[in-house]
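Asker: I'd like to ask you about the structure that follows.
The values are calculated or read from the model by the stated rules, or taken from the named source; none is laboratory data. Only a predicted model underlies this, so the values are computations on that prediction, with no experimental measurement involved. Don't worry about glycine lacking a Cβ; one is built from the backbone with ideal geometry, like all the others, and counts go over all protein chains shown.
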Protein chains: 2
Amino acid sequence: MKIAIIGGVAAGTSAAAKARRADSNTEIVLFEKDKDISYAGCGLPYYISGVTSTRDKVVINTPEEFIKKYEVDVRVRHEVTEIIPGKKLLKYKDLDQEKTGEYRYDKLIITTGASPLIPSIPGIELDNILQLRTVGDADRIKNIIEDQNPDKVTIVGAGLIGLEMAESFKESGLEVTVIEKLPHVLPQFSADMAEIVEEHLKEKGVKLILGDGVKEFTGNKTVKKIYSEKGQKIETDLVLISIGIRPNVELAKKAGIKIGKTGAIAVNKKMETSQPDIYAAGDCAESIDLITEKPVWVPLGSTANKQGRVAGENATGGNYEHDGILKTGITKIFDLTVARTGLSEKEAKEEGFDVITTKIKVANHAGYYPDLEMLHLKGVFDKKTGRIIGAEVIGKTGADKRIDVLSTAIYSKLTARDLFQIDLAYAPPYSTPKDPIAVLGMVAEKKL
Amino acid sequence: MKIAIIGGVAAGTSAAAKARRADSNTEIVLFEKDKDISYAGCGLPYYISGVTSTRDKVVINTPEEFIKKYEVDVRVRHEVTEIIPGKKLLKYKDLDQEKTGEYRYDKLIITTGASPLIPSIPGIELDNILQLRTVGDADRIKNIIEDQNPDKVTIVGAGLIGLEMAESFKESGLEVTVIEKLPHVLPQFSADMAEIVEEHLKEKGVKLILGDGVKEFTGNKTVKKIYSEKGQKIETDLVLISIGIRPNVELAKKAGIKIGKTGAIAVNKKMETSQPDIYAAGDCAESIDLITEKPVWVPLGSTANKQGRVAGENATGGNYEHDGILKTGITKIFDLTVARTGLSEKEAKEEGFDVITTKIKVANHAGYYPDLEMLHLKGVFDKKTGRIIGAEVIGKTGADKRIDVLSTAIYSKLTARDLFQIDLAYAPPYSTPKDPIAVLGMVAEKKL
């Protein structure tokens, strides 16, 4: 048996590791066009700021380590240029040796990931306008900070990564401006919850420009100024473009593999694509939304990991499934934990749900115990069934716990009534006698 | 309408507050034989150590505040001596005025709580042998520490409260010995998990005597020495008896109200007792075990709060239920969070389940993010259905989150497979790409 894997970050290495554990004899070849594999994409902001001390900590395994650990033939700087499903063949280019080659597979796993969207704005080609996707990108940013000692950075786009990088750059001592075309930060969140984050960013000294886009970057070789669509001038030494990513599907598309409506590779729960013996997993592949049961594309490390594992197991003759996702996301923005799961109110309405929403502000633990902080919870409930179908949680402590309980509740199709009934753990350092989850349920039940 | 409530701590005040919110006209009289109401029993260890700065912080409402806030006729130092269900009458004694009286109710809520078990050991009557149940008890302990400046304290019993008090006394600068008759601390936990806690207690300088009981207390008026059953001599200036509690059911029993097999007052999901128009809630009442569907008695503040609320709502004509509990418990023991939910392996077997157990030791969050700590998770799974029916979690951070997710999973009848599927929130400060819950599920699935 021969298994080929294209791409060696979260999904690719998960698939390889699982395939090896499931079958100690099969030949596994992993092609990665970059020079690094197996790095923690989510850890890059912490590597840049130095919160994570060294590069080797975010690179979980070097190619050499991975080869040794999993007996996988890892070929870095090898770009796969064509898949020919009919012949079970792939063609690749060795980027260092500048030569080409072919590989015949029995099973193929596509984990080509995603790439940052780069807007075609005048001046975009100037130096010091960067993106953050790979560990190489992180190296570049870190080097500029260390070598050029820049004062000011501008982040274009206020999504999860943009805001994590706002904190990271602040940690590195830079003046930070974030410019976002939409009226609020974090488009996955409702406006009133996003405002809590905006307030916190301002308190931490981040300059926010909302509802405005970049018209032009200017500078002499290196970016120095940004002109916004609404006429603002922003001095800057460094720009991070963080307006989103798109799935890398060109290779799959050319091979006749079905691309879904979301633009990512269509897969079933077994991670099988439309072509026999070809799997796809991770940021290049779709998932099923567990509530709407429709395909969605929400690329995240945890999903990539699971999908990779399922693909690796099935490619070696297994029969495992990844049922889908709730688009659960979490991020630390300075002292705040900001998290969401399920459908937003807007999404729920678009899907035809008749909903009520409930928003509460409650203590994270017993009032007499030190370090009391307030938690903001928002729940979206289906009027017909009483089911919780979406939630947002923001707070300084205890927010990660509540989003995971709510995600489990949504997964389990629990109702507002159930939220009061669950026997959650109470002691003064951890919660209030009526847990915030129970309060959310009670308030929702009253409304329903 | 007239509602009488007997007992004014967690369940009683919850019932009163809910009844008032549900019905602004009804007369509500709350009888409490003590002088304090509405205090946080779970907060007393923190009040004693000074972690919670002042007494008024653990006393959530004084009688005066409660009267004002909820328009409830609070009668402290009033002991109810008899309930006559046929006449809907109760008799009470005013302890300060030394006179008696009667009150005719339409609905009665019994929240008489529980009392510490005091063993009949020779010398038990000596001074400085104390218990901890009420805020008055806490005052007494605090006064002894402040006035007598004792060096050594011995805690008899290594349950949740005993170990919380071990930490509390250490915070107050005392030498602490814990003596426990059973071979391990925390009888609700399995031996291998309890050992982790024992190791931690020793690291923190707590002396543990396991598998040994107290034979005699000696001293001249004040306790000075303890002789153990196995012949140990323990010098001590102070003793805390913490071997368990029993429900206060004498009043109910005398009134012909049914007492369950557990020894606590039998109630249905509406908190109705065997007598019409009489409810019971909190530490004096039973609950239903959500897994076995049998009555259980596991008195905890969070349950008391919910049951009180349900009783208060139903006494005012509402129709609410408390479905039951999973015996979820959590405690902070120095730097460790120690938590459980559902059935232990032993309980599951006694209930006729054919089970497998899974134990894992995993990182609480991404390896490259600061403050990495290990989490110990144990799961009990039903072989027939694959359902998770019990769990224990111990760790320095993130244990409270995992127990609440597992409690929600057990409540929702999720299987090992589901634990892998739930879309839990991942970012480096909060979890690992494969969350500990997912790993627990994967390992269990393999075993099943």
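Asker: From the list B:ASP371, B:ASP423, which residue is more than 9 Å from chain A (Cβ to nearest Cβ) and part of a loop (DSSP other than H, G, I, E, B)? Reasoning before the result, please.
Answerer: Details: B:ASP423 fails: more than 9 Å from chain A (Cβ to nearest Cβ).
Of the residues listed, the single one that is more than 9 Å from chain A (Cβ to nearest Cβ) and part of a loop (DSSP other than H, G, I, E, B) is B:ASP371.
Asker: Of everything in region A:357-389 that's aliphatic (A, V, I, L, M), touching a Ser or Thr at 6+ places or on another chain (Cβ under 7 Å) and over 20 Å from A:ILE330 (Cβ atoms), which residue is modelled with the lowest pLDDT?
Answerer: Ranking the qualifying residues of region A:357-389, first place goes to A:ALA366.
Asker: Step by step: first the residues of region A:258-287, then only those that are under 16 Å from the mean Cα position of the chain (by Cα) and in a strand (DSSP E or B), then the one that is farthest from the other protein chains (Cβ to nearest Cβ). Which residue is that?
Answerer: It comes out as A:ALA285.
Asker: Within region B:82-94, how many residues turn out to be in contact (Cβ under 8 Å) with a residue 60 or more places away in the chain and either closer than 24 Å to B:SER14 by Cβ or assigned to a helix (DSSP H, G or I) (or both)?
Answerer: Initial filter on region B:82-94 (in contact (Cβ under 8 Å) with a residue 60 or more places away in the chain): B:82-85, B:88, B:90, B:92.
Within this subset, residues satisfying the condition of being either closer than 24 Å to B:SER14 by Cβ or assigned to a helix (DSSP H, G or I) (or both) are B:83, B:85, B:88, B:90, B:92.
Of the residues in region B:82-94, 5 are in contact (Cβ under 8 Å) with a residue 60 or more places away in the chain and either closer than 24 Å to B:SER14 by Cβ or assigned to a helix (DSSP H, G or I) (or both).
Asker: Moving to a separate point now. Quick check on region A:336-368: of everything there that is buried (at least 21 other Cβ atoms within 10 Å of the Cβ), assigned to a strand (DSSP E or B) and of a type in the set (Gly, Ala, Ser), which residue is nearest to the other protein chains (Cβ to nearest Cβ)?
Answerer: Checking each candidate, the answer is A:ALA339.
Asker: Separate question: Any idea which of A:ILE209, A:ILE243 is in contact with an Asp or Glu (Cβ under 8 Å, 6 or more places away or on another chain), of a type in the set (Val, Ile, Thr) and not in a helix (DSSP H, G or I)?
Answerer: A:ILE209
Asker: Also: Within the group B:GLY50, B:GLY7, B:GLY43, which residue is within 14 Å of chain A (Cβ to nearest Cβ) and surrounded by 14 or more Cβ atoms within 10 Å (Cβ to Cβ)?
Answerer: Values: B:GLY50 fails: surrounded by 14 or more Cβ atoms within 10 Å (Cβ to Cβ); B:GLY7 fails: within 14 Å of chain A (Cβ to nearest Cβ).
Exactly one residue qualifies, and that residue is B:GLY43.
Asker: Right, another one. Go through B:LYS447, B:LYS413, B:LYS401, B:LYS434 for me and flag whichever is surrounded by fewer than 24 Cβ atoms within 10 Å (Cβ to Cβ) and facing chain A (nearest Cβ under 7 Å).
Answerer: Working: B:LYS447 fails: facing chain A (nearest Cβ under 7 Å); B:LYS413 fails: facing chain A (nearest Cβ under 7 Å); B:LYS401 fails: surrounded by fewer than 24 Cβ atoms within 10 Å (Cβ to Cβ).
Selected residue: B:LYS434, the only one of B:LYS447, B:LYS413, B:LYS401, B:LYS434 that is surrounded by fewer than 24 Cβ atoms within 10 Å (Cβ to Cβ) and facing chain A (nearest Cβ under 7 Å).
Asker: On to the next question. Looking only at region A:300-323, how many residues end up being of a type in the set (Asp, Glu) and within 25 Å of A:TYR39 (Cβ to Cβ)? Talk me through it step by step, then tell me what you get.
Answerer: Taking region A:300-323 and keeping what is of a type in the set (Asp, Glu), we get A:313, A:321, A:323.
From what's left, within 25 Å of A:TYR39 (Cβ to Cβ): A:313.
Residues that pass the stated criteria total 1.
Asker: Among the numbered criteria (1) modelled with pLDDT of 95 or more; (2) within 7 Å of chain A (Cβ to nearest Cβ), which one does B:GLU392 miss?
Answerer: (2)
Asker: So for region B:297-314 (the condition being farther than 12 Å from B:ASN268 by Cα, part of a loop (DSSP other than H, G, I, E, B), among the β-branched types (Val, Ile, Thr) and away from chain A (no Cβ under 11 Å)), does at least one residue qualify?
Answerer: Checked region B:297-314: no residue is farther than 12 Å from B:ASN268 by Cα, part of a loop (DSSP other than H, G, I, E, B), among the β-branched types (Val, Ile, Thr) and away from chain A (no Cβ under 11 Å).
For (1) crowded, with 22+ Cβ neighbours inside 10 Å; (2) assigned to a helix (DSSP H, G or I); (3) outside the structural domain of A:LYS33 (by TED's automatic domain parsing); (4) among the charged types (D, E, K, R), each residue gets a yes or a no:
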site: A:ILE124; (1), (2), (3), (4): no, no, yes, no
site: A:ASN143; (1), (2), (3), (4): no, yes, yes, no
site: A:PRO187; (1), (2), (3), (4): no, no, yes, no
site: A:VAL197; (1), (2), (3), (4): yes, yes, yes, no
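Asker: Just to be sure, is A:VAL29 buried (at least 24 other Cβ atoms within 10 Å of the Cβ), touching a Phe, Trp or Tyr at 6+ places or on another chain (Cβ under 7 Å), in a strand (DSSP E or B) and in the same structural domain as A:ILE257 (by TED's automatic domain parsing)? Full working, then the answer.
Answerer: Details: buried (at least 24 other Cβ atoms within 10 Å of the Cβ): no; touching a Phe, Trp or Tyr at 6+ places or on another chain (Cβ under 7 Å): yes; in a strand (DSSP E or B): yes; in the same structural domain as A:ILE257 (by TED's automatic domain parsing): yes.
It is false that A:VAL29 is buried (at least 24 other Cβ atoms within 10 Å of the Cβ), touching a Phe, Trp or Tyr at 6+ places or on another chain (Cβ under 7 Å), in a strand (DSSP E or B) and in the same structural domain as A:ILE257 (by TED's automatic domain parsing).
Asker: Now for a different question. Based on what the data block shows, is B:VAL156 hydrophobic (A, V, I, L, M, F, W, C), in contact (Cβ under 8 Å) with a residue 24 or more places away in the chain, buried (at least 19 other Cβ atoms within 10 Å of the Cβ) and within 18 Å of B:TYR227 (Cα to Cα)?
Answerer: Details: hydrophobic (A, V, I, L, M, F, W, C): yes; in contact (Cβ under 8 Å) with a residue 24 or more places away in the chain: yes; buried (at least 19 other Cβ atoms within 10 Å of the Cβ): yes; within 18 Å of B:TYR227 (Cα to Cα): yes.
Yes; evaluated as a whole, the condition is true for this residue.
Asker: Just to verify a result, which residue in region B:320-335, among those that are part of a strand (DSSP E or B) and of a type outside the set (Val, Ile, Thr), is nearest to the other protein chains (Cβ to nearest Cβ)?
Answerer: At the first step, the residues of region B:320-335 found to be part of a strand (DSSP E or B) are B:325, B:329-333.
Those still in the list that are of a type outside the set (Val, Ile, Thr) too: B:329, B:332.
Working: B:GLY329: 7, B:LYS332: 5 Å.
Result: B:LYS332.
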